[in-house]
Amino acid sequence: MRAQIRTFLSAVVVLGLLTPGAGAADKIRVVATITDLKALTEAVGGDLVEVDALARGNQNAHDLEVRPSLMVKVRRADLLVMNGLELDQWAEVVIQGANNPKVIPGAPGRVDASQGILVLEVPTTRVDRSMGDVHPVGNPHYTLDPGMAPAITGNILEGLARVAPQYRATFERNRQAFLGRLESAMAGWTTMMTPFKGARVIVDHNMWPYFLTRFGLLQANSVEERPGIPPTPGHLTKLIASMKEEHIKVILSAPWSDQKLAERIAQEAGAKVVSMASAVGAVKGADDYLGMIDYNVKAVAQALR
Ligand SMILES: [Zn+2]
């Protein structure tokens with residue numbers, strides 16, 4: 001009997017230790033501008049973080065309406081994770097409105113996830129933003145390439161360790177576990193994409209160069225004449241003609257772009273529209289980072305088959 005009681009008591013003690021003592025109030029509060037960075041922060045922070053995203057997965061992250069509700073989120077943040085490369089430039093207005101010294105430019109509670117990324121499509125001439133081009137400092141959509149996740153999670157880890165240095169070892173362990181899962185998934189994705197090396201596709205918004213480069217695919221053209229600028233009729237005529245001539249059969253499309261236009265082009269050119277997960281949460285089945293990449297790889301492989 002006594003032994004049973006002792007077993008019971010030690011079980012209580014063990015349970016007490018295992019139950020996270022940290023309630024939501026004790027967690028490190030992180031705000032990420034986009035859902036991809038939310039998902040990657042959760043992968044590194046695990047149970048120690050509570051992460052909010054400012055943009056929803058199915059929104060165009062270039063073009064977010066700055067609302068007071070976003071400022072409220074940033075006001076209580078310990079850490080802010082930004083995409084950088086001017087994708088989430090609107091966040092600066094949110095940060096000003098939030099009046100939170102922890103995340104102002106230069107503060108330790110701020111992460112630019114693009115640090116150390118080899119940026120593609122950096123303009124060689126000055127791009128005037130007044131012309132409407134939304135990629136004035138190069139292509140900002142690097143999170144769509146799973147090969148960038150080690151660098152991105154490295155930046156996030158450093159940011160988390162700046163605001164909560166006592167948990168650095170846990171963050172490092174979480175990150176390594178995540179990168180392990182990524183590595184085995186990557187092997188599968190590479191195998192799945194190998195038969196389509198060199199295949200050419202059309203995109204609606206120019207957001208796939210990192211993803212396509214990773215898997216050896218080529219972007220032949222885009223529906224938008226320049227990033228963020230709707231196509232002219234002349235551009236569409238040329239686009240459709242070149243798709244027919246070069247037998248390009250696939251248009252990669254983001255859920256927030258003009259679906260009707262993509263369908264019309266596909267119909268005229270004899271191609272099909274592939275709905276892509278333009279971010280984590282953009283479509284059903286793309287609920288975390290690895291799930292999002294997996295969704296896109298399978299969608300593209302199936303369309304090219
Ligand atoms: Zn873009």
Fill in: Residues within the range 137-188 that are part of a helix (DSSP H, G or I) and touching a helix residue (DSSP H, G or I) at 6+ places or on another chain (Cβ under 7 Å), tallied
27
Practice prompt. Return the only residue of Met82, Met71 being at pLDDT 95 or above and open to solvent by 30 Å² or more (accessible area, probe 1.4 Å).
Written response: Met71
Worksheet item: Can you name the residue in the range 198-223 that is within 11 Å of the ligand (Cβ to nearest atom) and under 12 Å from Ile265 (Cα atoms) and is also surrounded by the fewest Cβ atoms within 10 Å (Cβ to Cβ) among such residues?
Response: Ser222
Worksheet item: Taking Ile265, is it open to solvent by less than 10 Å² (accessible area, probe 1.4 Å) and not in a helix (DSSP H, G or I)?
Response: no
Worksheet item: Which number in (1) of a type in the set (Asp, Glu); (2) under 19 Å from the mean Cα position of the chain (by Cα); (3) open to solvent by 30 Å² or more (accessible area, probe 1.4 Å) marks the one condition that Glu172 misses?
Response: (2)
Practice prompt. Confirm whether Lys238 is away from the ligand (no atom under 13 Å from the Cβ), open to solvent by 20 Å² or more (accessible area, probe 1.4 Å) and touching a Gly at 6+ places or on another chain (Cβ under 6 Å).
Written response: no
Item to complete: Find the residue count for the range 92-110, including only residues that are within 24 Å of Asp63 (Cβ to Cβ) and in a helix (DSSP H, G or I).
Response: 8
Item to complete: Within the range 62-91, count every residue that is of a type in the set (A, V, I, L, M, F, W, C), part of a loop (DSSP other than H, G, I, E, B) and under 22 Å from Leu160 (Cβ atoms).
Response: 3
Discussion item. Given the criteria under 29 Å from Leu182 (Cβ atoms), surrounded by fewer than 16 Cβ atoms within 10 Å (Cβ to Cβ), away from the ligand (no atom under 16 Å from the Cβ) and charged (D, E, K, R), does Glu158 qualify?
Written reply: yes
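The values are calculated or read from the model by the stated rules, or taken from the named source; none is laboratory data. Worth saying up front: this structure is predicted, and the values here are computed from it rather than measured. Because the Cβ atoms are built from the backbone with ideal geometry, glycine has one as well, and the counts that use them run over all protein chains shown. For the accessible areas, the whole protein counts, side chains as well, though only heavy atoms, and no ligand, DNA or RNA atoms are used. Shrake-Rupley method; radii C 1.70, N 1.55, O 1.52, S 1.80 Å.
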